[in-house]
Amino acid sequence: MKLDQLNMFKSVAESGSLSGASRQLNKTQPAISQGIRQLESSLKLELFSRSAYRLVLTDAGKIVYQRALRVLNETSSLRQIANHIGSGNESRIALAIEASFDLKIILPVLEDVQAEFPDTQILLRQEYISGALEALTNKLATLCISPLESAFLAEAKIEHHFLASGRLVNVASPKLISRHPDLTISHQLINEYQIVLQDTGVATKDKSFGVQDGQRCWFVNDFSTKKMLIEHGMGWGKVPYYLVQESIDRGQLLLLNLSDSKNEVLLRYQVIKNQDQVLGPVSQVLWNKLLEHADIQPL
């Protein structure tokens, strides 16, 4: 059984005649007839009833036709992918994103790249704190989006451009606040649980930021869990504002105003690549589109 025979079989089945298949495939009728006979011989099945004016699929032929379509479609897809890779396009790229970043900001960019390069797989790596930048420097990611400290920028061998602003806000539930009617400082919450996000990188592994000495803590590895625990009055902590805006508007969460704490952290997200990195065609398009998108984002 050969792919050429399956193409002849498909064309005859859809046109109902050798002449129709001949015009469609630009092959002679005898060649197509011979191809169909060879296919029937290899399958040991009669695929067409030849008693009528038109060639009609037998019951076995109808089943084989459906399977043949699948094989031919897969073959076409394989050729398309091979051409895609053969032209220099990457088969896969990874974009590491610090998890506090609002992905909705770049959805139009990802949609454009997906439409232009449907055969390149894009892996979105959601990382926490230093994890996104570490994935880039360890070459586990092609590009990354992460907030950066100015002290780091002076030493890092990276190219970075501002993409968007964001913020973390200190919140707690009305249930927790009701236990502290005169709440003004963080020490009053020392016996409550501060919900702390764990770093996926090693740069700050086992370090806790913004946690006072003696504070009870629960450690989680994603913002959804952190938000859920805080909403249920099981703790307090900082979360991205875009994740909790609706909960704040509905009164499910309250903004904390602790006089001895930084209740809001402003973040400036950068799109980043390694300085000496040569990007492939798809990665370069993604990088360029992110930079174009950055131009329209407010400071």
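The numbers here are math on the coordinates, done by the rules we state, and not lab data. Quantities reported herein were computed from a predicted structural model and do not represent experimental measurements. Counting neighbours? That spans all protein chains shown, and the Cβs are built from the backbone with ideal geometry, glycine included.
Taking the chain as a Gaussian network, Cα atoms linked when under 10 Å apart, which of GLN34, GLN114, GLN275 shows the biggest mean-square fluctuation? Of GLN34, GLN114, GLN275, the most mobile in the Gaussian network model is GLN34. For region 166-267, a Kirkwood radius taken over Cα pairs fed into Stokes-Einstein (37 °C, viscosity 0.692 mPa s) yields D = 239 µm²/s. Local charge sum around SER19 (other residues, Cβ-Cβ under 15 Å, Lys/Arg +1, Asp/Glu -1)? The answer is +3. Close amide H contacts of ARG167 (hydrogens built in the peptide plane, cut-off under 5 Å, sequence separation of 5 or more or a different chain): TYR241, TYR242, LEU267.
For the chain, adding -39500 (n - 2.57) for each run of n ≥ 4 DSSP H residues and dividing by the number of residues yields -12500 deg cm²/dmol at 222 nm. The angle between the Cα long axis of helix 107-116 and the longest principal axis of the Cα atoms of the chain comes to about 20 degrees, rounded to the nearest 10.
Around the Cα centre of the chain, unit charges on the Cβ atoms of Lys, Arg, Asp and Glu (plus for the first two, minus for the last two) sum to a dipole of about 1460 debye. The listed peptides 159-167, 124-132, 253-261, ordered by packing as a protection proxy, come out as 124-132, 159-167, 253-261 (highest mean of other Cβ atoms within 10 Å first). For region 104-150, the alpha carbon positions stretch 34, 22, 16 Å along the principal axes, listed from largest to smallest. Computed over the chain with a Gaussian network model linking Cα atoms closer than 10 Å, the most mobile of PHE117, PHE48, PHE223 is PHE48. Ranking MET228, LEU267, VAL109 by Cα position along the charge dipole of the chain, where only Lys, Arg, Asp and Glu carry charges on their C-beta atoms, puts VAL109 farthest toward the positive end. Legend: Rg and Dmax of region 101-183, from Cα coordinates, 18.1, 59 Å.
For percent of Cα pairs over 36 Å apart, computed directly from the structure shown, the correct entry in [x] 10; [y] 13; [z] 46 is [z]. Relative contact order, whole percent, for the chain stands at 21, derived from Cα pairs under 8 Å and 6 or more residues apart. Within the straight-line cut-off of under 13 Å between alpha carbons, the aspartates and glutamates reachable from LYS227 are GLU246, sequence neighbours fewer than 8 places apart in one chain being disregarded. Each residue of region 283-292 is assigned a 3J(HN,Hα), and the resulting list reads 4, 5, 5, 4, 4, 4, 5, 5, 5, 4 Hz, derived from the Karplus form 6.51 cos²θ - 1.76 cosθ + 1.60 (θ = phi - 60°), x at Gly and Pro.
For LYS10, the lysines whose Cα comes closer than 22 Å to its Cα, not counting residues fewer than 8 places off in the same chain, are LYS2, LYS27, LYS44, LYS62. Over all other residues within a Cβ to Cβ distance under 15 Å of PHE101, the charged ones net out to +1, with Lys and Arg as +1 and Asp and Glu as -1.
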